[in-house]
Amino acid sequence: MKSFREYLYFETANRVEFINITPRVQEIVDKSGIKEGLCLVNAMHITASVFINDDESGLHRDFKVWLEKLAPHEPVSQYAHNGLEDNADAHLKRQIMGREVVVAITEGKLDFGPWEQIFYGEFDGQRRKRVLVKVIGE
Ligand code: ZN
């Protein structure tokens, strides 16, 4: 079995942002040379997510509004975690949007359903963060 590992780096302009990382993940799969296997993609930070959903701007707005209702950023004093930090809401948002995804690789391609795309979800941005991509298989 072969294995291949690479990081993707992000420094978003906004505090909350969703980025379609599918082409970058497929590039890593291509580089790995693995044709049949699995690809794990996970955020290395506890205030960011990796998730799969539709690349549709209305839906992304809906996610942001929904998450803000569940865990409003302000007032930051409402959270026990916020003492030296102000990112309790980002930890909660990350938890619900998930840490990682695993996608099958078939004939060298990410084997998705019709509308599936991989996203990096940032909830406490404007600083450098990374995502691990690990590919295993033959
Ligand atoms: Zn924190």
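The values are calculated or read from the model by the stated rules, or taken from the named source; none is laboratory data. Predicted model only: the values in this text are computed from it and were never measured. Note: ideal-geometry Cβ built from the backbone for every residue, glycine included; neighbour counts use all protein chains shown. With ligands, DNA and RNA removed, areas are computed over all heavy atoms of the protein, side chains included. Shrake-Rupley method; radii C 1.70, N 1.55, O 1.52, S 1.80 Å.
Determine the gain in length on full extension of the stretch ALA80-LEU59; use 0.36 nm per residue of separation and subtract their C-alpha separation, reporting nm with one decimal. Please list the in-between numbers first.
Working: separation 21, 0.36 × 21 = 7.56 nm, distance 3.05 nm.
Length gained between ALA80 and LEU59: 4.5 nm.
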Do the sum for the chain: with -39,500 (n - 2.57) for every DSSP H run of n ≥ 4, divided by all residues, what is the mean residue ellipticity at 222 nm, to the nearest 500 deg cm²/dmol?
-8000 deg cm²/dmol
In whole angstrom, the spacing between the Cα centers of the range 1-29 and the range 32-71 equals 11 Å
Taking H as built 1.01 Å from N, whose amide H comes closer than 5 Å to the amide H of ILE21, not counting residues under 5 places away?
ILE118, PHE119, TYR120
Stretchable slack from ARG99 to ILE136, in nm (0.36 nm times residue separation minus alpha-carbon distance):
11.4 nm
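Rounded to a whole number, what % of the accessible area of the range 15-137 do carbon and sulfur atoms account for, probe 1.4 Å? Mind showing how you got there, number by number?
Details: 3490 of 6470 Å².
Percent of accessible area from carbon and sulfur atoms in the range 15-137: 54.
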Helix 88-97 vs. the chain, principal-axis angle (Cα, 0 to 90°, nearest 10):
40 degrees
Straight-line reach only, C-alpha to C-alpha below 19 angstrom: list the lysines that LYS93 could link to, leaving out same-chain residues fewer than 8 apart.
LYS64, LYS69, LYS129
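How large is the charge dipole for the chain, taken about the Cα centre, if only the Cβ atoms of Lys, Arg (+1) and Asp, Glu (-1) carry charge, to the nearest 20 debye?
Numbers: 18 positive and 22 negative charges, 85 e Å.
Rounded to the nearest 20 debye, it is 400 debye.
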